[in-house]
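Read through the structure below, which is laid out as structure tokens, and then see the notes.
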Amino acid sequence: MRGAVNDVYVREIPRKEDWSFLIASSAITCVAEYKVGNAVAINTQATTFTLSSDTAIDGTFVGRKIKFASNNNVYEIATVIGTTGGTISPPLSGSVNLQSVGYSIFAPIYALPADFDRFPKNGGLLQYVGGAITTIPEVAVQEYYRDYTPSPGTPAKCRLLRTGTALHEQVELTPPPRNADVLGYEYLQELVPLRETTAGVVTIYAGSTVVVGSAGGSRFTEAGTGWYLRIDAFGTGEDSEWYRIVAIAHNSSMTLATAFGLSGAVSAGYTLSAVPRMPVKVQPAILYGAVVNLMADQNDPTAKLYQDKFTEVITESRKLYRTRIYSQTIDTVMEDWDYRR
């Protein structure tokens, strides 16, 4: 049942729309192009490069791209050795050694927040041109390849990547940025499964907002602000009393939004529970959708009732919380009279 609930919560409902309640915003700070001096020497099929003495690179350059004049390929800086050299990946292509040639180091790839799921429809990174917002649109990989350029300039397009050990989303820009501009953006947050934690015991006194956990036993940091606390001995199910958490100091201390009830609890069992990050009007769809999924092979005559209820909640929610405006005219290049001439 928990699996069915979480499937509807984290996957099915978020994919129905670009819901306004999932929109968050952030920004990336672009790294300026670096091209001081020249590349003194790098041999064909080798990975070690040396720059002129007036350059000054450091460990922050690892992972950036480097393009040498008169060589078509783009390489990644794998390591930095001192302040004037390092290694590249893959090895230098071609049959000609490079000596005293120009180069360009740039950073086209930037990390996105850990809870990033996707850009809104027709969205992407945002930049201001003449005081107006211009979108740097997300494009398919084929279009990205077609329009790719290694010459830094003003970014015109982007694509999403999942790289690194954590597989967090990253965005790649083309052309790569020339200047250290700040590009804002809006995105749809990725929801994480709902869960509970009950490790250890807690103590809280009547009228207090401070909850103290058992040393080495409770794990409050598994929860988050906005979660709720219940003392199990004071009722479960429909009889339970829940208190919202507003701060977590460490694994054995947290603060509630309101003072605890008329009587306290000492070394009591408890439950910390996440709550759906959706408006209350949307939340019934989680239960209706979960029931529909569980009844799919049960030949239960009430299955249609729950399906209708799920559809009703989603339909009503779309009127309130969707970000895509379908009443607007949508123009495409195919409407151009001579597009197929």
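Every number in this text was worked out from the coordinates using simple rules, so none of it is lab data. Just so you know, these numbers come straight off a predicted model, no measurement behind them. Note: ideal-geometry Cβ built from the backbone for every residue, glycine included; neighbour counts use all protein chains shown.
Here are a few things to note about the model shown:
- For the range 137-215, the set of GluC sites (Glu not before Pro) satisfying both a DSSP loop assignment and a count of at most 16 other C-beta atoms within 10 Å is given as GLU190.
- Taking a ≥ b ≥ c as the square roots of the eigenvalues of the alpha carbon gyration tensor, the range 39-106 is prolate, as a/c is not under 1.5 and a/b beats b/c.
- Acute angle (nearest 10 degrees) that the helix 303-321 long axis makes with the longest principal axis of the chain, alpha-carbon atoms: 60 degrees
- Listed residue pairs exceeding 31 Å between alpha carbons, taken from LYS157/LYS281; LYS67/LYS157; LYS35/LYS157; LYS16/LYS157; LYS157/LYS309: LYS157/LYS281; LYS157/LYS309
- Listed values for the range 46-52 are Karplus-derived 3J(HN,Hα) couplings in whole Hz (6.51 cos²θ - 1.76 cosθ + 1.60, θ = phi - 60°), namely 9, 10, 8, 10, 10, 9, 5, and x replaces Gly and Pro.
- Whole-Å semi-axes of the range 196-273's equivalent ellipsoid (Cα gyration tensor): 16, 13, 13
- Rounded to whole Hz, the Karplus (6.51, -1.76, 1.60) HN-Hα couplings of the range 116-132, x for glycine and proline: 5, 10, 6, 6, x, 4, 6, x, x, 6, 10, 9, 9, 10, x, x, 9
- Overall form of the chain per C-alpha gyration tensor (a/c, 1.5; a/b vs b/c): oblate
- Cα gyration tensor category, rounded, prolate or oblate, for the range 1-85 with a/c compared to 1.5: prolate
- The angle separating the long axis of helix 284-294 from the principal Cα axis of greatest extent in the chain is about 90 degrees.
- Between the range 103-160 and the range 244-308, the alpha-carbon center distance in angstrom: 38 Å
- Here r is the Cβ-Cβ distance between ASP297 and LYS16 and R0 is 30 Å; the resulting FRET efficiency, rounded to 0.05, is 0.80.
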